[in-house]
1. Compute the distance in nm between two label points, each set 7 Å from the Cα along the Cα-to-Cβ direction, one at Arg252 and one at Asp163.
2. With every protein chain kept in the model, how would you rank Thr164, Thr285 by accessible area, 1.4 Å probe, largest at the top?
3. Taking only DSSP H segments of four or more residues, each worth -39500 (n - 2.57), what value at 222 nm results for the chain once the sum is divided by all its residues, to the nearest 500 deg cm²/dmol?
4. Once the piece of chain linking Trp96 and Thr290 is laid out straight, how much longer is it, given 0.36 nm per residue of separation minus the C-alpha distance between them?
5. Between Leu224 and Arg32, what is 0.36 nm times their sequence separation minus the Cα-Cα distance? Round to one decimal in nm.
6. Report in % the part of the accessible area of the chain that belongs to carbon and sulfur, leaving out ligands and nucleic acids; probe 1.4 Å.
7. I'd like the accessible area for Arg284, computed on protein heavy atoms only with a 1.4 Å probe and all protein chains in place. Round to 10 Å², please.
8. Just to verify a number: what accessible area does Arg116 come out at with the full protein assembly present, 1.4 Å probe, Å² rounded to tens?
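The values are calculated or read from the model by the stated rules, or taken from the named source; none is laboratory data. Note that the coordinates shown come from a computational prediction; the quantities given were computed from them, not determined experimentally. Neighbour counts are summed over all protein chains in view; Cβ atoms, including those assigned to glycine, are modelled from backbone coordinates with ideal geometry. To get the accessible areas, we keep the full protein, side chains included, count just its heavy atoms, and leave off ligands, DNA and RNA. Shrake-Rupley method; radii C 1.70, N 1.55, O 1.52, S 1.80 Å.
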Amino acid sequence: MQTRTLGTTGPQVSALGLGCMGMSPMYGDVDRAESIATVHAALEAGVTLLDTGDFYGMGHNELLVGEALRTAPAASRENALLSVKFGALRTPDGSWVGFDGRPAAVKNFATYSLQRLGVDHIDIYRPARLDPDVPIEETVGAIAELVEQGYVRHIGLSEVGADTIRRAAATAPIADLQIEYALISRGVEESVLPATRELGISITAYGVLSRGLISGHFTRDRQLAANDFRAHSPRFQGENLDHNLALVEALRKIAEQKGVSVAQIAIAWVLSRGEDIVPLVGARTRERLTESLGALDVTLDAADLAAIEEAVPADAAAGDRYPAAQMSHLGSK
């Protein structure tokens, strides 16, 4: 397994991480046994970075990841690094009702995550979004106290802009910023990526296949369940979907010429952005995991990158990456 280091202060991790959110009912119904088998397969393949959040399925995802770790072979389990997001608030019906970054809440969230995951420390702990009512210095300062106490190893951020990144980094060492980065989600390149590189902070990129949209497997006639995030995502609606799937077909031609899948070339493109970028793949099955890991063997030369850029230029996607209400909480669009 290839490795990369998260920032100047963070741990060495596998070049691809496993995003576990989809193993909770965010994209429709899930198969618990297959999810756990997929985590096991990832660990056995050398994937060390597992990403979860305490609000994914209202604790469901952390419990699942905890079970997967307990039942994994000891040799692979010992290498696992847990990245955990906190702060998003939800109601019993699954609605989103804001974010809480108060220091007392940070410590409370961490306590419950440690219990659900069945571990004595969290490797990278990060607020899921910026709490508009709490200075980032206070939130990061609370995580720094957890670091001092041994409950957290490293501090991360998620979906915040350059100014917030600078303020956070002035408060405590930041290992990485988790943010959406894909061929059709390139807002990070404007001001966020220059700031993280200046400060020695890595990017853990989620959504590298845009929730399956640019995986090469999504079709126009696919029926989405009511509990599937994509049923409400602007990029999966009407003419937006038609436009975006046309981009995928343009990308497919390049992938076929190289003898790889669309998903593999899309992941390889994110890997090519720099050694400070670690893509998170949201594979929910062992089959999709195997396909994603194949991206590590794909080399993109200058001609490949130029062809990809021509097929899918920056800002080519139709529709925002989140519904309007959720876009308002993002520090980087």
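1. Each label point is offset 7 Å from its Cα along the Cβ direction, giving 4.4 nm.
2. Thr285, Thr164
3. Using -39500 (n - 2.57) per qualifying helix, the result is -11500 deg cm²/dmol.
4. So the extension gain works out to 66.5 nm.
5. Extra length available between Leu224 and Arg32 comes to 67.2 nm.
6. Exposed carbon and sulfur together represent 50 percent of the surface.
7. Here the residue's solvent-accessible area equals roughly 70 Å².
8. 60
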